[in-house]
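Please read the structure below before turning to the comments.
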Amino acid sequence: MGMRNGVLARWLGLFLRNKMLWLMVGGAVGTAARYLIGRWFNAQPWGQVFPYGTLVINVSGSFILGLAFMIIQERLPPEYQGWYLLIGTGFCGGYTTFSTFEWETFQLVRDGSWWYALANVFGSVLAGFLGVLLAVFLVGLVFPRK
């Protein structure tokens, strides 16, 4: 029993000191959460009409990232910064990149850069949509339907 506890303690110590593991674990959990939540919403009859799953994931991811940043980065001592890697960067990064977009837009507004915030919102939405349209067009050219 003592040897097993020693191995577990050593593994846990290694995990807590390895930032990449924090990111990977958080990202894996976030990705799984996104998949399961999205599947549940898509399986509902009313989920066929509007992308409610994506909306819920984007909004909840933005909320989680806001909480994580405000609590971990601004309220807790520096020794807790690893938790932001796990939750803010890892989990939210796997769960949704929309949360980062929202947080960065908020920071621009908070800093008084309203025009940059508006440019970020309209630019990201419009450029992102144009990126999808371009990808669809190019795939249609390169890989035409049979």
Checklist entry - For region 40-146, with only Lys/Arg (+1) and Asp/Glu (-1) charged at the beta-carbon, what is the dipole magnitude about the Cα centre, in debye rounded to 20? => result 480
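Just the number, please: carbon plus sulfur as a percent of the accessible area of region 10-146, 1.4 Å probe, no ligands or DNA/RNA counted.
On the way: 7110 of 9750 Å².
Within region 10-146, the accessible surface is 73 percent carbon and sulfur.
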Checklist entry - Charges only on Cβ, +1 for Lys and Arg, -1 for Asp and Glu: so what's the dipole of region 1-95 about the Cα centre, in debye to the nearest 20? => result 280
Checklist outcome for this item: Between the alpha carbon centres of region 113-146 and region 49-91 the gap in Å comes to 25
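Would you work out if region 1-81 is rounded, prolate or oblate? Take a ≥ b ≥ c from the square roots of the eigenvalues of the alpha-carbon gyration tensor; rounded if a/c is under 1.5, else prolate when a/b is larger than b/c, oblate otherwise. If you can, show how the numbers build up before the last one.
Values: a/c = 4.07, a/b = 1.76, b/c = 2.31.
In terms of gyration-tensor shape, oblate.
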Checklist entry - Net charge near F98, counting Lys/Arg +1 and Asp/Glu -1 over other residues with Cβ under 15 Å of its Cβ? => result -1
Checklist outcome for this item: accessible surface per residue for the chain, probe 1.4 Å, DNA/RNA/ligands not counted, whole Å² -> 73
Item to check | Calculated Kirkwood radius over Cα pairs in Å (choose from (1) 18.0; (2) 16.3; (3) 15.7), label | outcome: (1)
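The values are calculated or read from the model by the stated rules, or taken from the named source; none is laboratory data. In this text the structure is predicted, and so the values were computed from the model without any measurement. Reconstructed Cβ throughout: ideal geometry from the backbone, glycine too, with neighbour counts over all protein chains shown. In case anyone asks, the SASA skips ligands and DNA or RNA and just uses the protein heavy atoms, side chains included. Shrake-Rupley method; radii C 1.70, N 1.55, O 1.52, S 1.80 Å.
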